[in-house]
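Accompanying notes for the structure given below.
The values are calculated or read from the model by the stated rules, or taken from the named source; none is laboratory data. For clarity, every value in this text was computed on a predicted model and none was experimentally measured. As a convention, Cβ positions derive from the backbone with ideal geometry for all residues, glycine included, and neighbour counts pool all protein chains shown. Surface accessibility is based on the protein's heavy atoms, side chains included, excluding ligands, DNA and RNA. Shrake-Rupley method; radii C 1.70, N 1.55, O 1.52, S 1.80 Å.
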Amino acid sequence: MTDIINKKRRSWNMSRIRSTNTQPEITVRSFLHRNGFRFRLHQKSIYGRPDIVLKKYKTVIFIDGCFWHRHKDCTYAYTPKSRIDFWNNKFESNIKRDKKVNKSLKNEGWNLIRIWECETEVNELLKSKIIYKLI
């Protein structure tokens, strides 16, 4: 199946997808700040460049988009109808990279929290994934 929009428009659409300071990331940062946690953002010195680093707790947090990181059974994790092989390869490489990053950080002694984009919409989920793991 071919793309329903032209190449120039598709390029423009894709250029608007940000990797940092996304709405789910800002929601998690705001939640942490309101609850008294202090953190650093996108530390290049830590493998995988986590979205949030809580050094005091030796914890890193990744906020993953459901689409890009394939959140199982999530409505956001749909597969585009065009260029299916390209997308499947892209998704597989993302998942493989995530597993490699998880393993490496755990071997270095970091506690790891991965939050899905859809989980940032419910405050109780954030509490259970973050605060209960840190306290």
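Sticking with the crude label model, points 7 Å out along Cα→Cβ, report the distance from residue 97 to residue 127 in nm, one decimal please.
Distance between label points: 3.5 nm.
Tell me which residues come under 5 Å, amide H to amide H, from residue 111 once H is placed; ignore anything under 5 positions away on its chain.
Answer set, sorted by chain and number: 59, 60.
Taking a 21 Å limit on the Cα-Cα distance, which of the listed pairs 58/99; 56/99; 56/133 fall beyond it? Each step should come with its number before you reach the end.
Details: 58/99 19 Å; 56/99 24 Å; 56/133 13 Å.
Too far apart for the 21 Å limit: 56/99.
Need one word for the chain: rounded, prolate or oblate. Basis is the Cα gyration tensor (sqrt eigenvalues a ≥ b ≥ c); a/c below 1.5 gives rounded, then a/b vs b/c decides. Let's see the in-between values first.
On the way: a/c = 2.10, a/b = 1.76, b/c = 1.19.
It comes out prolate by the Cα gyration axes.
Whole number in Å², please: accessible area per residue of region 45-102, 1.4 Å probe, ligands, DNA and RNA not counted. It would help to have the intermediate numbers written out before the result.
On the way: 3640 Å² over 58 residues.
Result: 63 Å² per residue.
Ignoring ligands, DNA and RNA, what percent of the accessible area of region 60-114 is carbon or sulfur (1.4 Å)? Write down the numbers at each step before the final one.
Values: 1770 of 3550 Å².
About 50 percent, which is the carbon plus sulfur part of the accessible surface.
Only helical DSSP H runs with n ≥ 4 go in: add -39500 (n - 2.57) per run for the chain, normalise by residue count and round the 222 nm mean residue ellipticity to 500 deg cm²/dmol. Write down the numbers at each step before the final one.
On the way: 5 runs with 53 residues, N = 135.
That calculation yields -11500 deg cm²/dmol at 222 nm.
So which lysines can residue 7 reach, going by Cα to Cα under 26 Å and dropping same-chain residues fewer than 8 places off?
81, 90
Aspartates and glutamates near residue 127 by alpha-carbon distance under 16 Å, same-chain residues fewer than 8 away left out - which ones?
25, 117, 119
Can you compute the modelled spin-label distance between residue 104 and residue 22, with each label point 7 Å from Cα toward Cβ, in nm?
Result: 2.0 nm between the two label points.
Among 63, 17, 115, which one moves the most in a GNM of the chain with springs linking Cα atoms closer than 10 Å?
17
So if we plug the beta-carbon distance of residue 42 and residue 88 into 1/(1 + (r/R0)^6) with R0 = 30 Å, what FRET efficiency do we get, rounded to 0.05?
Values: r = 28 Å, r/R0 = 0.94.
Calculated value: 0.60.
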